[in-house]
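Peer 1: So that we are looking at the same thing, I have put the structure below in structure tokens.
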Amino acid sequence: MRVGTGSLVPSPLPAARRVASPVPALVPGEVLRYQLEYRSTIQSASAGPIYTPEAAHQMDVSLSSRLRLDVLSVKADPKFGPLTRLRVTYETSDALVHTDAYDPGAQALEKQYNSLAGRSFEFSVDGEGRVLEVAGLGRLEPDERARSAVRQWLGTLALPLGLWRKGVKPGKRWSRVVPLADAPLAGLAWRTKSFYSGNQPCPRTPGAPASLARETCAVIETRIDTVREHGSHDPTPLAYSRQGLRTKGSWTGRGESQNYLSLATGLVTNCTATDTNAMNLTITAALGGSALHYAGRWRSSSQLTLVGFHVPAPAPQAP
């Protein structure tokens, strides 16, 4: 695969990218590109100081983005293996937002998504495949539903970095609990249950390198649910309490995904996911007692496809 400034030219998988084991051997300077297709339907109602009777009760969001992942650094971690720092850049971002009534908020959301092109955020992945230290996402995605969706596909991309080190083989099942960061309710987490169902030819999808059609992929099926972790009885996150706000309510969600991981490179080549969520939330100002109530349900589907990667040439050694 040769990566240029404009288009991607398919070629046989470079020998430098093949690995003896499926663990991705990411190196600083490496570039991965994924195509993201995202669809969401949101049904909601709100009441409070900013309630507008004409606000839309249903919103359909469609987003198509080309994502560039730059490997910034790989550092040794004595406990969890290598700590990999990556930057995600939206090379393109095309969005359409449709509502069942005039809603200036929907117009602002469409403008926000379309303005993502050229913007970026950073995150780290440890040797267990956990996403850590996400920096800059809140500036790009102010809506907690959007941040949750982004964190889910970040977890998908990080999956192989921790999977193979555990000796996972076909037929293996495992689970994990991941805190739902940035949520308006404290103590929420995603509980994932995964199953390595077997190996099969990597899917040939539009835009994917032709060489992947000759590769074998591990197929990982995952179910996800929201759970509340044990902790403080106060459901207000620290970020909200610092602003003089109190939150209470519920957020329930369930979803499933199918992930294909190349056994030649260890990379995620394709992922399809669907999920449904329901939120019932009240935000109250500590001073004055004014409150905003939001109730909504949304369902979404997404697809991530690997469309290119570039491995930097090894530095010439001194004679």
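Peer 1: Could you please give the count of residues in the range 254-280 that are crowded, with 20+ Cβ neighbours inside 10 Å and either in a strand (DSSP E or B) or without any contact (Cβ under 8 Å) to a residue 60 or more places away in the chain (or both)? Walk me through how you get there before you give the answer.
Peer 2: Here is the first cut: in the range 254-280, the ones crowded, with 20+ Cβ neighbours inside 10 Å are 255, 257, 259-262, 265-271, 273, 275, 277, 279.
Applying the additional criterion that residues be either in a strand (DSSP E or B) or without any contact (Cβ under 8 Å) to a residue 60 or more places away in the chain (or both) yields 255, 257, 259-262, 268-271, 273, 275, 277, 279.
Of the residues in that region, 14 qualify.
Peer 1: Mind checking whether some residue in the range 169-176 is of a type in the set (Ser, Thr, Tyr) and exposed (fewer than 14 other Cβ atoms within 10 Å of the Cβ)? Full working, then the answer.
Peer 2: Applying the first criterion (of a type in the set (Ser, Thr, Tyr)) to the range 169-176 yields 175.
Next cut, exposed (fewer than 14 other Cβ atoms within 10 Å of the Cβ) only: 175.
Within the range 169-176, one or more residues are of a type in the set (Ser, Thr, Tyr) and exposed (fewer than 14 other Cβ atoms within 10 Å of the Cβ).
Peer 1: Could we say that Gly118 is without any contact (Cβ under 8 Å) to a residue 60 or more places away in the chain, over 16 Å from the mean Cα position of the chain (by Cα) and assigned to a loop (DSSP other than H, G, I, E, B) here?
Peer 2: yes
Peer 1: Between a residue in the range 21-45 that is closer than 14 Å to Leu157 by Cα and at pLDDT below 95 and any residue that is of a type in the set (D, E, K, R) and not in a strand (DSSP E or B), which pairs come within a Cβ distance under 7 Å, given they are 6 or more apart or on different chains?
Peer 2: Here the result reads Val23/Arg165, each pair linking the range 21-45 to a residue that is of a type in the set (D, E, K, R) and not in a strand (DSSP E or B).
Peer 1: Among the residues of the range 53-108, count how many are under 17 Å from the mean Cα position of the chain (by Cα), among the polar types (S, T, N, Q) and more than 27 Å from Arg297 (Cβ to Cβ).
Peer 2: 3
Peer 1: Now, a different point. Within the range 174-214, take every residue that is among the small types (Gly, Ala, Ser) and in a strand (DSSP E or B) and give me the one that is nearest to Thr252 (Cα to Cα).
Peer 2: If we filter the range 174-214 for residues that are among the small types (Gly, Ala, Ser), which is where we start, we get 175, 181, 183, 186-187, 189, 194, 197-198, 207-208, 210-211, 213.
Next, from what is left, pick out any that are in a strand (DSSP E or B): 175, 189, 194, 197-198.
Working: Ser175: 18, Ala189: 10, Ser194: 19, Ser197: 27, Gly198: 30 Å.
Checked the range 174-214; the qualifying residue nearest to Thr252 (Cα to Cα) is Ala189.
Peer 1: Only residues that are part of a strand (DSSP E or B), of a type in the set (Lys, Arg) and surrounded by fewer than 14 Cβ atoms within 10 Å (Cβ to Cβ): list them for the range 52-101, please. Lay out the reasoning, then the answer.
Peer 2: Taking the range 52-101 and keeping what is part of a strand (DSSP E or B), we get 58-75, 83-99.
Checking which are of a type in the set (Lys, Arg) leaves us with 66, 68, 75, 85, 87.
Matches in the range 52-101: Lys75 only.
The values are calculated or read from the model by the stated rules, or taken from the named source; none is laboratory data. Note that the structure is a prediction, hence the values are computed from the model and not measured. Counting neighbours? That spans all protein chains shown, and the Cβs are built from the backbone with ideal geometry, glycine included.
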